[in-house]
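The next block holds one structure in the form of structure tokens; read it before the comments.
The values are calculated or read from the model by the stated rules, or taken from the named source; none is laboratory data. Since the model is a prediction, treat every value here as computed from it, not as a measurement. A quick note on method: Cβ atoms are made from the backbone with ideal geometry, for glycine too, and the neighbour counts reach across all protein chains shown. The accessibility values were calculated without ligands, DNA or RNA, using every heavy atom of the protein model including side chains. Shrake-Rupley method; radii C 1.70, N 1.55, O 1.52, S 1.80 Å.
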Amino acid sequence: MTKQAALLERITVRPDVFGGKPIVRDMRMAVEHILSMLASGDTAEVILYQYPFLEPEDIQACLLYAYRSIAGEHVREPVPISGS
């Protein structure tokens, strides 16, 4: 398994958590929340301090997921949202 593949394994999608949005390691921590913190100027160190259950690789995984999504790569299977 490549390093990127191993990082992307940290990103999961569950229909019952945040409406199927990508989350970190099957926890209730949305990828978009981490990306928002980084975009707001928080450093990885600040995020890791505020969320001690996260690991540095989780932040790398979020960035990789965002990059690959923006690049148009199919990163995860779409999750049907109930009622849609």
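Rounded to the nearest 500, the 222 nm mean residue ellipticity of the chain from helices alone is -12500 deg cm²/dmol, with -39,500 (n - 2.57) taken per DSSP H run of at least 4 residues.
The stretch between Ala44 and Lys21, if pulled fully straight at 0.36 nm per residue, gains 6.1 nm over its current Cα-Cα span. Excluding ligands, DNA and RNA, the accessible surface per residue across the chain is 65 Å² with a 1.4 Å probe.
Could you tell me what percent of the accessible area of the chain is made up of carbon and sulfur, with a 1.4 Å probe and every protein chain present?
C and S fraction of accessible area: 56 percent.
If exposed GluC sites (Glu not before Pro) are those in a DSSP loop with at most 16 other Cβ within 10 Å, what is the longest stretch of the chain that has none? Could the numbers behind the result be given before it?
Details: sites that count: Glu9, Glu73.
Maximal segment without exposed cleavage sites: 10-72.
Here Asp16 sits with roughly 100 square angstrom of accessible surface, probe radius 1.4 Å.
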